[in-house]
């Protein structure tokens, strides 16, 4: 601006601009910042205060007993250490999606009164050679600073089988470094990994985890028990029995049954008294057959839906207790 004013022979204006410029201290922003994503490890995780409790989940008996045992080991860690043992702190959860793996991890954090840290893969995975390992190191250096529950969801995306000939050497180095870091974590950092595809995990991953818990697809009886628990929170109980509704839904997961119940309740609330629970259930059942089934979608039939009497595909975060 000063140069333009001087070119127009407006010297007095240019002088005033120059005087104003020198009167204000201006610090230009750096062209390159040394603080990138995950520079201290905190940017690589999502931290939250756990809200889910174990009693809210419908768990298999082995899963519930394993959780109770791990929680007791950490609460009474001094007794174990006095006898030369450390509490178990590496847990691997496997099973189809929507059956409570994430909720299980959060419930353990809640029972231990620890912060729940979820790894952000979008910030962790780098595009340059060695970048992912550098961020992994910062991530693990950060979580070592205090007791916490560190959760890796979709663990197969980073813990892949190193023998896969289609994977690059960089991925293999990442897996090796990841397993080394998990091995070196102190016992006050409870590491929980969840996968929907256990067959994709590197064989060495299984050895790293001290507790391996399966979350199988629920039976219709278990889905019915789950929906009955949801019905208890509604102001009006439906006339249709949970077992009958479970047979009609043929839901393959708790999440699918939960989504159906939530849709029914939304319809009922927006009906403002004109749509009761039973009519809302019937209306949702009519739409239920039009949903897409993920495991039937292929390249030739990407929009395939189920018939009204066909099987569903879904999952809930609320597991159940098996006797």
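The values are calculated or read from the model by the stated rules, or taken from the named source; none is laboratory data. This is a predicted model, so every value here is computed, not measured. All Cβ positions, glycine included, derive from the backbone under ideal geometry; neighbour counts span all protein chains shown.
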Legend entry - Close pairs from the range 68-79: first in contact (Cβ under 8 Å) with a residue 24 or more places away in the chain, partner crowded, with 16+ Cβ neighbours inside 10 Å and part of a helix (DSSP H, G or I), Cβ under 6 Å, at least 6 apart: 71/111
Inset, instruction - From (1) in the same structural domain as residue 142 (by TED's automatic domain parsing); (2) more than 30 Å from residue 84 (Cα to Cα), pick out the condition that doesn't hold for residue 238. - result: (1)
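Residue 96: part of a loop (DSSP other than H, G, I, E, B), assigned by TED's automatic domain parsing to the domain that holds residue 177 and more than 19 Å from the chain's Cα centre (by Cα), yes or no?
no
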Inset, instruction - Please tell me if residue 101 is at pLDDT 85 or above and either in contact with a strand residue (DSSP E or B) (Cβ under 9 Å, 6 or more places away or on another chain) or surrounded by fewer than 16 Cβ atoms within 10 Å (Cβ to Cβ) (or both). - result: yes
Inset, instruction - Run down 73, 110, 106 and say which single residue is farther than 30 Å from residue 221 by Cβ and either modelled with pLDDT under 90 or surrounded by 14 or more Cβ atoms within 10 Å (Cβ to Cβ) (or both). - result: 73
Inset, instruction - Quickly run through the range 80-98 and pick out the residues that are under 25 Å from residue 61 (Cβ atoms) and either crowded, with 24+ Cβ neighbours inside 10 Å or touching a residue at least 12 places away in the same chain (Cβ under 8 Å) (or both). - result: 87, 88, 89, 90, 91, 92, 93, 94, 95, 96, 97, 98
